[in-house]
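Colleague: Shown below is the structure under consideration.
The values are calculated or read from the model by the stated rules, or taken from the named source; none is laboratory data. Predicted model, so just to flag it, every value in this text is computed and none were measured. Note that each Cβ is placed from the backbone with ideal geometry, even for glycine, and that neighbours are counted across all protein chains shown.
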Amino acid sequence: MKSFASTELKQHLGDILAAAEHEPIAITRHRKARYVLMDIETYERRFGNDPRQAYAIEEMPPEHLGLLEEALADLK
């Protein structure tokens, strides 16, 4: 996987986007990979059928809220 420093994004955005059309690109910050940039087709192939879902606490199903509460109680 190619990588680019986050400071390069502003200066070379077109080149980095072109590279991301061919393969995922790592964006680094302080020499550590922090983000991945990829084309939408690759993203959807990899993650489009992911059944997991994120909820706001106010919208969380009761059974999930119960599991969260139990996990938080175990941390005490």
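Colleague: Does I25 satisfy being of a type in the set (V, I, T) and exposed (fewer than 10 other Cβ atoms within 10 Å of the Cβ)? Walk me through it before giving the result.
Modeller: Numbers: of a type in the set (V, I, T): yes; exposed (fewer than 10 other Cβ atoms within 10 Å of the Cβ): no.
Answer is no for this residue.
Colleague: I want to confirm something. Restricting to segment 32-72 and keeping residues that are among the hydroxyl-bearing types (S, T, Y) and not in a strand (DSSP E or B), which single residue is farthest from I16 (Cα to Cα)?
Modeller: We begin by selecting, within segment 32-72, every residue among the hydroxyl-bearing types (S, T, Y); these are 35, 42-43, 55.
Restricting the remaining residues to those that are not in a strand (DSSP E or B) gives 42-43, 55.
Working: T42: 16, Y43: 17, Y55: 33 Å.
Checked segment 32-72; the qualifying residue farthest from I16 (Cα to Cα) is Y55.
Colleague: Would a scan of segment 19-31 turn up a residue that is over 18 Å from the mean Cα position of the chain (by Cα), of a type outside the set (F, W, Y), within 17 Å of M1 (Cβ to Cβ) and assigned to a helix (DSSP H, G or I)?
Modeller: There is at least one residue in segment 19-31 that is over 18 Å from the mean Cα position of the chain (by Cα), of a type outside the set (F, W, Y), within 17 Å of M1 (Cβ to Cβ) and assigned to a helix (DSSP H, G or I).
Colleague: Shifting gears a bit: Could you count how many residues in segment 32-58 are more than 30 Å from A5 (Cβ to Cβ) and surrounded by 10 or more Cβ atoms within 10 Å (Cβ to Cβ)? Break it down stepwise before answering.
Modeller: Residues of segment 32-58 more than 30 Å from A5 (Cβ to Cβ): 49, 51-53, 55-58.
Now restrict to residues that are surrounded by 10 or more Cβ atoms within 10 Å (Cβ to Cβ): 55.
Of the residues in that region, 1 qualify.
Colleague: Return the residue satisfying two criteria in turn: it lies in segment 1-18 and is assigned to a strand (DSSP E or B) and among the hydrophobic types (A, V, I, L, M, F, W, C), and of such residues it is surrounded by the fewest Cβ atoms within 10 Å (Cβ to Cβ). Break it down into steps so the answer makes sense when it comes.
Modeller: So in segment 1-18, the residues assigned to a strand (DSSP E or B) come out as 2-5.
Filter again for among the hydrophobic types (A, V, I, L, M, F, W, C), leaving 4-5.
Details: F4: 19, A5: 13.
It comes out as A5.
Colleague: Yes or no: A71 loosely packed, with under 13 Cβ neighbours inside 10 Å, at pLDDT 90 or above and of a type in the set (A, V, I, L, M)? Walk me through how you get there before you give the answer.
Modeller: Values: loosely packed, with under 13 Cβ neighbours inside 10 Å: yes; at pLDDT 90 or above: yes; of a type in the set (A, V, I, L, M): yes.
The answer is yes for A71.
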